[in-house]
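**Student:** Please find one structure pasted underneath; my questions will follow.
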Amino acid sequence: MPPSIRAVAAAPPLPSTQCLVAARLLLSSSSSQSPSTPSSSSYPSRPAFTSTTTSTHRAFSTTRPLPQQKPTHLTVPVDQVPDYPFGRFQTYKQRNAGLYGSSKIRFGNVVAPKWGRKSRTHWLPNRHMKRLWSPALGGFIRTRLTTSVLKTIDKLGGIDEYLLGSKTRRLRELGPAGWALRWKIMQTPAVQARFARERAALGLPPKGKEQAVAEAAVLPVSLRTPGATPESVMTEVDQMLAGDEEFIIGEVKDDEEILIQAEREEIGDVVEKETAPRPSP
């Protein structure tokens with residue numbers, strides 16, 4: 001009898017589960033010692049344990065990350081926005097995707113205080129991602145902007161006032177992103193009503209009737225003749241100017257004809273004086 005079996009036989013009785021485990025251990029050890037015993041492959045083996053859980057990267061925080069919000073100027077339909085009159089920025093191209101104003105990358109030197117040696121460096125604008133309330137849209141505008149633009153917005157009273165500025169300098173500062181936001185705000189009913197009030201204060205017709213009035217008054221009353229068009233009138237005027245002759249556009253009244261005749265006589269006197277031969281000294 002092998003020593004291992006002899007030791008088990010001398011041991012006290014074990015429970016049924018422990019006996020099965022001990023018998024399996026003895027069989028495996030005896031198969032490794034004696035070549036005549038059958039191999040362990042002839043015995044049924046337990047199926048390997050397979051885990052169905054997938055390992056994920058452990059984050060530093062258990063808080064669920066917030067979804068990435070798209071800037072507001074990217075939600076504007078590109079095919080409906082008019083072309084930006086000043087084109088895209090070719091230097092510091094981040095300005096094409098935010099309100100950077102006139103801020104750019106600044107370059108300079110860092111001078112060592114002891115030896116006076118210079119090292120080239122650069123400074124980026126102080127830019128931040130902000131959500132600003134727009135009364136015209138009734139919601140927030142999410143965009144990247146600099147602190148200088150943010151101060152200007154606070155001074156004017158809101159981002160709507162900043163985007164609706166009409167001066168050339170303001171339009172240059174907006175960039176393509178600000179131009180798209182400006183167009184989006186101008187389509188709201190609140191801004192349309194504001195423009196209508198401003199036109200009424202200036203004595204201009206409403207925007208809906210402006211086109212009809214312009215078509216009816218393309219030519220002045222004095223130039224309206226049957227079959228006359230703006231193109232034909234301009235062609236006639238160009239021909240008169242090319243001929244270098246005096247001409248009068250429209251009807252001439254009696255008092256206006258007297259003034260015209262007097263001006264012609266004055267012009268003729270001046271021309272005669274200039275062309276008259278001067279006496280030799």
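The values are calculated or read from the model by the stated rules, or taken from the named source; none is laboratory data. Since the structure is predicted, the reported quantities are computational estimates derived from the model, not experimental observations. As a convention, Cβ positions derive from the backbone with ideal geometry for all residues, glycine included, and neighbour counts pool all protein chains shown.
**Student:** Under the condition of being surrounded by 10 or more Cβ atoms within 10 Å (Cβ to Cβ) and of a type in the set (A, V, I, L, M, F, W, C), which residue from the range 87-109 is farthest from GLU161 (Cα to Cα)?
**Tutor:** Checking each candidate, the answer is ILE105.
**Student:** Let me ask something additional. Any idea which of ARG131, ARG120, ARG170 is among the charged types (D, E, K, R) and within 25 Å of ASP83 (Cβ to Cβ)?
**Tutor:** ARG170
**Student:** Between a first residue in the range 58-73 that is under 22 Å from PHE140 (Cβ atoms) and in a loop (DSSP other than H, G, I, E, B) and a second residue that is at pLDDT 80 or above and among the small types (Gly, Ala, Ser), which pairs have beta carbons less than 8 Å apart while being 6 or more apart in sequence or on different chains?
**Tutor:** PRO71/ALA97; PRO71/GLY98; PRO71/ALA177
**Student:** For the range 171-202, name all the residues that are over 23 Å from ASP79 (Cβ atoms), in a helix (DSSP H, G or I) and either more than 23 Å from the chain's Cα centre (by Cα) or among the hydrophobic types (A, V, I, L, M, F, W, C) (or both). Walk me through how you get there before you give the answer.
**Tutor:** Filtering the range 171-202 for residues over 23 Å from ASP79 (Cβ atoms) gives 172-173, 190, 193-202.
With in a helix (DSSP H, G or I) added as a condition, the list becomes 172-173, 190, 193-201.
Listed by number, the residues that qualify are ALA190, ALA193, ARG194, PHE195, ALA196, ARG197, GLU198, ARG199, ALA200, ALA201.
**Student:** Which is farther than 27 Å from THR188 by Cβ and either buried (at least 19 other Cβ atoms within 10 Å of the Cβ) or in contact with a strand residue (DSSP E or B) (Cβ under 9 Å, 6 or more places away or on another chain) (or both), of TRP115, TRP123, TRP133? Can you show your working first?
**Tutor:** Values: TRP115 fails: either buried (at least 19 other Cβ atoms within 10 Å of the Cβ) or in contact with a strand residue (DSSP E or B) (Cβ under 9 Å, 6 or more places away or on another chain) (or both); TRP133 fails: farther than 27 Å from THR188 by Cβ.
From the options TRP115, TRP123, TRP133, the qualifying one is TRP123.
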